[in-house]
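J.: Sending over a structure as structure tokens; questions will come in a sec.
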Amino acid sequence: MTEWFEEWFGEDYLRLYPHRDDADAQRAVDLISRTVGLQPGWRVLDVGCGAGRHARAFMGAGARCFGLDLSGTLLRLARRVTDAPLIRADMRQLSIRPASMDLTVNLFTSFGYFERDAEHMVALEEMTSTVRPGGWFVIDFLNPAAVRRQLVPEELIQLSGQTVRVTRSVSPDGRYVCKSIRPPAGRQYVERVRLFEPDQISQMLEAAGVQVRHRFGDYEAAPLASDAPRTILLGQVA
């Protein structure tokens, strides 16, 4: 059975999130670069690289960046904007040499998609295993408190010239935020993201051998508080 994230991340996905642009990516990369002390020539792996906006920003900072994503559509779009080597793979099984990266990142909620928490742990272990001792791993995730507080149950938006109905809910057990995208004709898309609390992700990272050194709530380095829009954790590999 095909999982939702294997079908959704294509060109319609990018049209649904037009506010996630190059300037947004640059702010994220600037925050990461100055916090970890990124140096020209660093090897950077962008897991869940999508259409390549973060990879391009890292290369602009002098890094040797590699992009990895499961979506062939998004990787084709990434090839238009970046010269970074691109790899199609599932984050639960990475074909990357262990300890070969100075920095590995997982940005803009490219996590939390799986049915079982054991799969999420495997994904974190796979990603962090690519980082050399003393190198950095960064995850940029949603903040569950902000998601619950700001949840818009239903709205109509314009997508590709069509009026699309978007509905959102938290699962009955409180573990997932779910979104349904219904165009007037054609296929329906569903997103389902695990609502990991910041402390839960920190504990998972520690179990994977990563010590969290910095926590931010947005790309301007605001504190990670309950009203922060993001959960941004930067840790060093032992």
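No lab work stands behind these numbers, since they all come straight from the coordinates. Since we're looking at a predicted model, the values are computed, not measured. When we count neighbours, we look across all protein chains shown, and the Cβ atoms used for this are built from the backbone with ideal geometry, even at glycine.
J.: From the residues Leu107, Val44, Pro85, which one has its Cα farthest along the dipole of region 36-114 in the positive direction, the dipole being from +1 and -1 charges on Cβ of Lys/Arg and Asp/Glu about the Cα centre?
T.: Of the candidates, Pro85 comes out farthest on the positive side.
J.: Tally Lys and Arg at +1 and Asp and Glu at -1 over the other residues with C-beta under 11 Å from the C-beta of Phe141: what net charge comes out?
T.: Numbers: positive: Arg194, Arg230; negative: Asp140, Glu197.
Summing Lys and Arg as +1 and Asp and Glu as -1 gives 0.
J.: Using a/c under 1.5 as the rounded threshold, could you call region 90-197 rounded, prolate or oblate? The axes a ≥ b ≥ c are square roots of the C-alpha gyration tensor eigenvalues, and prolate needs a/b larger than b/c, oblate otherwise. If you can, show how the numbers build up before the last one.
T.: Numbers: a/c = 2.51, a/b = 2.00, b/c = 1.26.
Because a/c hits 1.5 or more and a/b exceeds b/c, region 90-197 counts as prolate.
J.: Follow-up question, since we're still on this one. Which one of Ile157, Val170, Tyr189 has its Cα pushed farthest toward the positive end of the charge dipole of region 152-238, where Lys and Arg give +1 and Asp and Glu give -1 at the Cβ?
T.: Tyr189
J.: Helix 117-128: angle to the longest alpha-carbon principal axis of the chain, degrees 0 to 90, nearest 10?
T.: That helix lies at roughly 40 degrees to the long axis.
J.: So how far, in whole Å, is the C-alpha centre of region 170-199 from the one of region 26-87?
T.: When both Cα centres are located, 27 Å separates them.
J.: Sort 102-111, 166-175, 117-126 by the packing proxy (mean of other Cβ within 10 Å over each peptide's residues), most packed first. Working shown, then result.
T.: On the way: 102-111: 23.2, 166-175: 12.7, 117-126: 17.4.
Result, highest mean Cβ count within 10 Å first: 102-111, 117-126, 166-175.
J.: While we're looking at this one, here's another question. Mind ordering 221-232, 49-60 by average Cβ neighbours within 10 Å, highest first? List each step's numbers first, then the result.
T.: Values: 221-232: 16.1, 49-60: 24.5.
Packing order, densest peptide first, comes out as 49-60, 221-232.
J.: Please report, to two decimal places, log10 I(q)/I(0) for region 148-238 at q = 0.16 Å⁻¹ as given by the Debye formula with identical point scatterers on the Cα atoms and no solvent.
T.: -0.82
J.: If the viscosity is 1.567 mPa s and the temperature 4 °C, what translational diffusion coefficient in µm²/s does Stokes-Einstein give for region 146-191 when Rh comes from Kirkwood over Cα pairs?
T.: Values: Rh = 11.4 Å.
Diffusion coefficient, whole number: 114 µm²/s.
J.: What value, in deg cm²/dmol to 500, does the helix sum -39500 (n - 2.57) over DSSP H runs of n ≥ 4 give at 222 nm once divided by the residues of the chain?
T.: On the way: 8 runs with 70 residues, N = 238.
It comes out at -8000 deg cm²/dmol, rounded to the nearest 500.
J.: Something else about it: Treat every Asp and Glu Cβ in the chain as -1 and every Lys and Arg Cβ as +1, leave all other atoms uncharged, and give the resulting dipole magnitude about the Cα centre to the nearest 20 debye.
T.: On the way: 29 positive and 30 negative charges, 76 e Å.
Dipole of the chain, to the nearest 20 debye: 360 debye.
J.: I'd like to compare 89-97, 208-216, 61-69, 25-33: which one has the highest average count of other Cβ atoms within 10 Å, and what's the full order after that? Don't jump to the answer; show the numbers that get you there.
T.: Numbers: 89-97: 14.8, 208-216: 17.4, 61-69: 22.3, 25-33: 20.6.
In descending order of packing, they fall as 61-69, 25-33, 208-216, 89-97.
J.: Charges on Cβ only, +1 for Lys and Arg, -1 for Asp and Glu, centred on the Cα centroid of region 111-193; of Asn143, Ser180, Thr130, which one is farthest towards the dipole's positive end?
T.: Most positive-ward Cα: Ser180.
J.: Can you tell me the orientation of helix 198-207 relative to the chain, as the angle in degrees between its alpha-carbon axis and the longest Cα principal axis, to the nearest 10?
T.: The answer is roughly 40 degrees.
J.: Regarding the chain, what are the three Cα extents along the principal axes, ordered largest first, in Å?
T.: Reported extents, whole Å, longest axis first: 50, 38, 36.
J.: How big is the dipole moment of region 146-191 about its Cα centre under a simple scheme where the beta carbon of each Lys and Arg is +1, that of each Asp and Glu is -1, and everything else is neutral? Debye, nearest 20, please. Don't skip to the answer; put the middle values down first.
T.: Details: 8 positive and 4 negative charges, 13 e Å.
With Lys and Arg at +1 and Asp and Glu at -1, about 60 debye.
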